[in-house]
Structures are given as C-alpha cells and as structure tokens.
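Structure first, commentary second.
The values are calculated or read from the model by the stated rules, or taken from the named source; none is laboratory data. Given the structure is predicted, the values throughout are model-derived calculations rather than measurements. Every residue, glycine as well, gets a Cβ built from its backbone with ideal geometry; the counts of neighbours run over all protein chains shown. Ligands, DNA and RNA are stripped out before the accessible areas are found, and what is left, the full protein with its side chains, is counted by its heavy atoms. Shrake-Rupley method; radii C 1.70, N 1.55, O 1.52, S 1.80 Å.
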Amino acid sequence: MAKIETNDEPTAKIEAALYSAGRPLKIEELIRASGTESRTKTLEILSDVMKKTRSAFKALEVVTLPDGSYVFQLKPEYSSTIKRYASKPILPNATLKTLSYIAYMQPISSKQLVETRGSGVYEHLKELRQLDFITHQNVGRLKIYNTTEKFQKYFGIQGDVENLKQRLFSKVRKTAKMSESNYTHEIVSKLN
C-alpha cells in the first residue's frame, strides 16, 4: 500500500517558525524548519501558507522582503492601533533573569537567590508565584523554588528538569560564543 504524503506537518512547522521567530527568516532556515530538505517543496508550502494567511486574517500577513526572507507580521496599517498593547512584556527583564536562574539552578533556596540576585528577588518571586511559573516548598525556615508545568508550557519547554538545564546551558554557551566571536570580529575590524 502506497504511503500518502501530506503537507500538514511541514506546514505546521513553517507556521510555527514564522510565528515564533519574531524576525525575518531566510528560505534556508524555513527549509530546515519544515524538515522537507527541498527548496521547491518548502516554497510550495510557503506559498500556501501565505494564501491561507491572506484569507484567514485581516491584520496579519506573511510577506517576502526585498532580501528574499519571509516574515509573519502585522500589516503596517495596524501598527499605530496596537502600540499600546505591544509595548508591555509579560515580565520585566530583572524578573525574567530571576526566573531563568531558578529554571537553571532548581531546586534553589530563597537564600541562594538573594545572594545571587539581590534583595529585589522577593518582588520577583511574588510576581512569578502569581503567574504560577514557580512553586516552593518550605524546608525549615527556607523556601525551595522550582519551576512549574505552566512555566514549561508557556515557554514551550518539554522534558524533565535535567534536560531543561542542559538545553539552557547549551544556549547560554552558544550565545556566549556568538558574543565572543562578534567581539573578536569587532576588534579585528578596528585594527584593520
């Protein structure tokens, strides 16, 4: 019996990549995201996604930019309407840093958090508990913090705590290498 191939999975992957990137993606990135390993197939799927987006949404679009990259964006005529909604992130940077530290170091005590992040951490913990991103257990007078399932779902993280720690560490290391590379490139270009 012949296997019937559908474009459902590659289409979903392209949609997810465009939506979550928050920036234009080159066709090579979309080919990798789709898993098709075919430029022609990816362009065909991308064309379908663009048509579906035009018919399903009034304020959103997938467009090809002059450099050939693709972006899922708000139509320019709606930019002024949504400015007041788009300017406030769910968490301030300091609270987000505390959350990432908890995610990486969990389980972690409130004492360790204060030593590392400062006394402002108490306000961060309050906000993170209200959002149900963290939970705690009392051990004597200490509180021991962990992230929650809601945190994992909201940030699209799957797997156990050790897997999360490994992925966070590799991202931090990759970011550090990129920064170091950019810094080295900057120094070299200034010397030339």
Checklist entry - Which of the residues belonging to the range 1-24 are of a type outside the set (A, V, I, L, M) and either open to solvent by less than 40 Å² (accessible area, probe 1.4 Å) or part of a helix (DSSP H, G or I) (or both)? => result ASP8, GLU9, PRO10, THR11, LYS13, GLU15, TYR19, SER20
Item to check | Sole residue being open to solvent by 80 Å² or more (accessible area, probe 1.4 Å) and of a type in the set (Lys, Arg), chosen from LYS83, LYS75 | outcome: LYS83
Next on the checklist: Anything in the range 25-61 that is β-branched (Val, Ile, Thr) and assigned to a helix (DSSP H, G or I)? List them, or say none.
Outcome noted: ILE27, ILE31, THR40, THR42, ILE45, VAL49, THR53
Checklist outcome for this item: Exactly one of SER79, SER38 is modelled with pLDDT of 90 or more, farther than 30 Å from GLN130 by Cα and among the polar types (S, T, N, Q), and that one is SER38
Checklist outcome for this item: Reported set for the range 11-37 where residues are in contact with a helix residue (DSSP H, G or I) (Cβ under 7 Å, 6 or more places away or on another chain) and more than 24 Å from PHE155 (Cβ to Cβ) is ILE27, ILE31, THR36, GLU37
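Tell me the residue from LEU65, LEU30, LEU99 that is under 26 Å from THR148 (Cβ atoms) and open to solvent by less than 70 Å² (accessible area, probe 1.4 Å), please.
Sole residue among the options that is under 26 Å from THR148 (Cβ atoms) and open to solvent by less than 70 Å² (accessible area, probe 1.4 Å): LEU99.
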Checklist outcome for this item: Checked the range 62-73 for anything in a loop (DSSP other than H, G, I, E, B) and either aliphatic (A, V, I, L, M) or in contact with a helix residue (DSSP H, G or I) (Cβ under 7 Å, 6 or more places away or on another chain) (or both); matches are LEU65, GLY68
Checklist entry - Residues of the range 102-116 being surrounded by 14 or more Cβ atoms within 10 Å (Cβ to Cβ) and over 22 Å from GLU162 (Cα atoms), which ones? => result VAL114
Checklist outcome for this item: Of the candidates MET105, MET50, the one satisfying the condition of being out of contact with any Lys or Arg (no Cβ under 8 Å at 6 or more places or on another chain) and either under 25 Å from TYR154 (Cα atoms) or among the acidic types (Asp, Glu) (or both) is MET105
Item to check | Hits in the range 75-91 - residues which are outside any helix (DSSP H, G or I) and in contact (Cβ under 8 Å) with a residue 12 or more places away in the chain | outcome: LYS75, ILE90, LEU91
Checklist entry - For THR53, are the conditions met, namely being of a type in the set (Val, Ile, Thr) and more than 30 Å from VAL139 (Cβ to Cβ)? => result yes
Checklist entry - Checking LYS165 against (1) at pLDDT below 85; (2) of a type in the set (Lys, Arg); (3) open to solvent by 50 Å² or more (accessible area, probe 1.4 Å), which single condition isn't satisfied? => result (3)
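Among the residues of the range 92-106, write down those that are of a type outside the set (A, V, I, L, M), assigned to a helix (DSSP H, G or I) and out of contact with any His (no Cβ under 9 Å at 6 or more places or on another chain). Explain how you work it out, then say what you get.
Of the residues in the range 92-106, the ones of a type outside the set (A, V, I, L, M) are 92-93, 95, 97-98, 100-101, 104, 106.
Subsequent filtering for residues that are assigned to a helix (DSSP H, G or I) retains 93, 95, 97-98, 100-101, 104.
Answer for the range 92-106, where residues must be of a type outside the set (A, V, I, L, M), assigned to a helix (DSSP H, G or I) and out of contact with any His (no Cβ under 9 Å at 6 or more places or on another chain): ASN93, SER100, TYR101, TYR104.
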Item to check | Search result, residues across the range 107-143 that are free of Cβ contacts under 8 Å to residues at least 40 places away in the same chain, of a type in the set (A, V, I, L, M, F, W, C) and not in a helix (DSSP H, G or I) | outcome: ILE108, PHE133, ILE134, VAL139, LEU142
